[in-house]
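The values are calculated or read from the model by the stated rules, or taken from the named source; none is laboratory data. Model, not experiment: these values are computed from the prediction. A quick note on method: Cβ atoms are made from the backbone with ideal geometry, for glycine too, and the neighbour counts reach across all protein chains shown.
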Amino acid sequence: MVDISTTLASLDLKNPFMLASGIMDEDAGSIIRIMNAGAGAVVTKSIGLHPRPGYPNPTCIETECGFLNAMGLPNPGVKEYLEELSQLSSRKIPVICSIYGASAQEFAELAQQITSESVDAFELNLSCPHAKCYGLETGSDPALVKSITSSVIKNTSLPVFVKLSPNVTNIVELALAAEHAGASGIVAINTVKAMAINIEVQQPILANSIGGYSGKAIKPIGVRCVYEITQKVSIPVIGVGGITTVQDAIEYFMAGATAVQVGSALYSQGLEVFSQLTEALQSWMKDHGVLNIAEIIGVAHP
């Protein structure tokens with residue numbers, strides 16, 4: 001029997017396949033469906049202190065190799081979202097709450113309001129590529145990454161994972177800043193900054209013009225980022241970006257990822273993607289004589 005369980009800080013995952021933030025994770029009903037579908041953990045929609053409507057339509061389009069979106073971080077605000085989280089008190093798997101803010105103080109306030117009874121960890125969204133004053137605008141400065149991470153850690157006893165963007169010159173220095181601040185782990189990567197133009201009307205397709213690109217096409221970027229980060233940091237790294245098959249996930253593991261998040265694949269493969277990936281990983285490990293997933297994590301490093 002092969003062992004595909006993995007550990008992230010104090011979180012024990014029955015399998016390494018997590019739901020990525022922003023996909024079927026804004027209400028308790030959807031999160032429970034993901035839990036029952038076999039995910040190892042769930043990351044919620046990014047939540048802020050106050051309600052945010054997001055951008056007008058169109059906010060998402062399908063491209064040849066993935067999806068382009070500029071949602072604008074729509075969410076009901078932390079006060080209302082706590083009511084959704086309260087319905088997950090008997091959760092079967094870890095629930096990680098994604099939070100965003102414009103300052104270290106806002107992140108700290110969110111951490112204070114969301115208790116350990118509601119969730120099992122935090123994911124700091126320092127990487128949204130299209131929301132003004134949030135995400136990438138704070139997550140591209142190592143000093144800010146360190147300040148925000150430290151502020152959250154001071155206001156919670158829960159593990160804190162920092163989600164970084166590939167839209168920077170040096171993602172490794174940002175990961176090191178998060179590690180030095182005491183982060184429990186790194187999440188790499190968020191979407192790639194991109195856009196599309198309708199050549200008939202000669203205008204950008206998205207209402208916000210520029211959005212974030214996700215899906216199969218960004219997998220090589222994500223694998224590269226995980227590989228570079230895990231050469232320098234000692235805390236766990238969670239790989240994200242373009243995972244649709246078990247081979248994609250194994251690439252991330254061999255690059256150094258302890259677990260992976262799945263997002264866009266739900267569009268084409270449905271909720272069954274978690275059980276399919278789990279079964280495929282067990283089969284691959286048996287075929288290759290691998291008894292424990294830890295045996296392949298980081299093996300691609302020299």
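Close Cβ contacts (under 8 Å, 6 or more residues apart or on different chains) running from residues in the stretch 182-198 that are free of Cβ contacts under 8 Å to residues at least 40 places away in the same chain to residues that are among the hydrophobic types (A, V, I, L, M, F, W, C) and in a strand (DSSP E or B) comprise GLY182/VAL160. Selection of the stretch 185-215 for residues being over 14 Å from ILE61 (Cβ atoms) and either among the aromatic types (Phe, Trp, Tyr) or in contact with a helix residue (DSSP H, G or I) (Cβ under 7 Å, 6 or more places away or on another chain) (or both) yields ILE186, ALA188, ILE189, VAL192.
Filter the stretch 36-87 down to the residues that are assigned to a helix (DSSP H, G or I) and in contact with a strand residue (DSSP E or B) (Cβ under 6 Å, 6 or more places away or on another chain) and list them by number. Residues satisfying the conditions are VAL78, TYR81. Taking the stretch 162-214 as the region of interest, the strands (runs of 3 or more DSSP E) fully inside it that hold 1 or more residues being farther than 17 Å from THR230 by Cβ and not aromatic (Phe, Trp, Tyr) are 192-195, 210-214.
Of the residues making up the stretch 10-25, those that are at pLDDT 95 or above and either among the acidic types (Asp, Glu) or surrounded by fewer than 20 Cβ atoms within 10 Å (Cβ to Cβ) (or both) are ASP12, LEU13, LYS14.
Yes or no, residue by residue, for (1) over 17 Å from the mean Cα position of the chain (by Cα); (2) without any contact (Cβ under 8 Å) to a residue 12 or more places away in the chain:
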site: PHE17; (1), (2): no, no
site: ASP25; (1), (2): no, no
site: HIS50; (1), (2): yes, no
site: GLY54; (1), (2): yes, no
site: MET71; (1), (2): no, no
site: VAL78; (1), (2): yes, no
site: GLU83; (1), (2): yes, yes
site: SER116; (1), (2): yes, no
